[in-house]
Structure formats: C-alpha cells, structure tokens
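To keep things clear, I will list the structure first and then write my remarks on it.
Just so you know, all these numbers are worked out from the coordinates, no wet-lab data involved. In this text, all values refer to a predicted model and were calculated from it rather than measured experimentally. Virtual Cβ from ideal backbone geometry, glycine too; neighbours counted across all protein chains shown.
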Amino acid sequence: MAVLKKGKSAPIYPSVIHSTPAHFGAQNSQAVIGIQMSSAYVGNLAMPPLFGLLANNVTPALFPFYLLALLVFMAFMHEQLVRKTSRC
C-alpha cells in the first residue's frame, strides 16, 4: 500500500505503451495502443464502483486482497503476452 501511495507504479502505463511496437510490430501498434488506452479508461471507470459494491456488501477490509487479485491478474496477462509474442 505504501508503495502505491508514493507513485512508484506510475511508470508502468507509459512503459506498456512504449513496448507495444516491440510486442505487436510497428504496423499494428497504433491500433493496439488505442485498445490499451480504451481498456485503461474502462478499468478506471469500472474498478472503483466494483470495489464499492464489494465493500458495501461484504467488508472494506478486502481492499488489499482486491488489489492483490488485480496485480496477480495483470502479471498473468503479461506472461501470456510474452509467451504468445515470443513464438512469432
């Protein structure tokens, strides 16, 4: 939690956008960056209310576990991306 508050994870989003041409090729990078940006906006819009529903119906003490689940999901998806793009 302390790491997130200090903004240490802020460079992740620009790094993901910067590495897009290396993963998907220069010819596809514009379209993929558009999908990445729209997905980020949808996530910013949907994740806080989703946790709000969870906190109202269960307990707000689940917040660290909620963040951990999102982190595990992101790490899993990154590994899938690396696995699929390294085969090409």
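Could you calculate the contour length gain from T59 to A75, that is, 0.36 nm times the residue separation minus the distance between their Cα atoms, to one decimal place in nm? Display every interim value, and only then the final one.
Working: separation 16, 0.36 × 16 = 5.76 nm, distance 2.56 nm.
The T59-A75 span can extend by a further 3.2 nm.
Relative contact order of the chain, please, whole-number percent, based on alpha carbon pairs below 8 angstrom and at least 6 residues apart. If you can, show how the numbers build up before the last one.
Values: 20 pairs, mean separation 20.1, N = 88.
Reported relative contact order: 23 percent.
Show that you can apply the helix-only estimate: for the chain, add -39,500 (n - 2.57) for every DSSP H stretch of four or more residues, divide by all residues, and state [θ] at 222 nm to the nearest 500. The partial results should precede the final answer.
Working: 4 runs with 73 residues, N = 88.
Result for the chain, helices only: -28000 deg cm²/dmol.
Could you tell me what a quarter of the Cα convex hull surface of the chain works out to, in nm² with one decimal place?
Taking the Cα atoms of the chain, their convex hull projects to 6.6 nm² on average.
Could you derive backbone 3J(HN,Hα) for segment 70-87 from the dihedral phi with the Karplus parameters 6.51, -1.76 and 1.60 (θ = phi - 60°), listing whole Hz in sequence and x where the residue is Gly or Pro?
Listing the rounded values in order: 5, 5, 5, 4, 5, 5, 4, 5, 5, 4, 5, 4, 5, 5, 6, 7, 6, 6 Hz.
Sort out the exposed loop trypsin sites (Lys or Arg not before Pro) in the chain (DSSP loop, at most 11 other Cβ within 10 Å) and tell me the longest stretch that has none.
Values: sites that count: K6, K8, R87.
Result for the longest clean stretch: 9-86.
Given a Förster distance of 25 angstrom, what is the FRET efficiency for T85 paired with M47, based on the Cβ-Cβ distance and rounded to 0.05?
Numbers: r = 26 Å, r/R0 = 1.04.
Efficiency, rounded to the nearest 0.05: 0.45.
Of the residues N44, N57, N28, which exhibits the maximal mean-square fluctuation in a Gaussian network model of the chain defined by a 10 Å Cα contact cut-off?
N57
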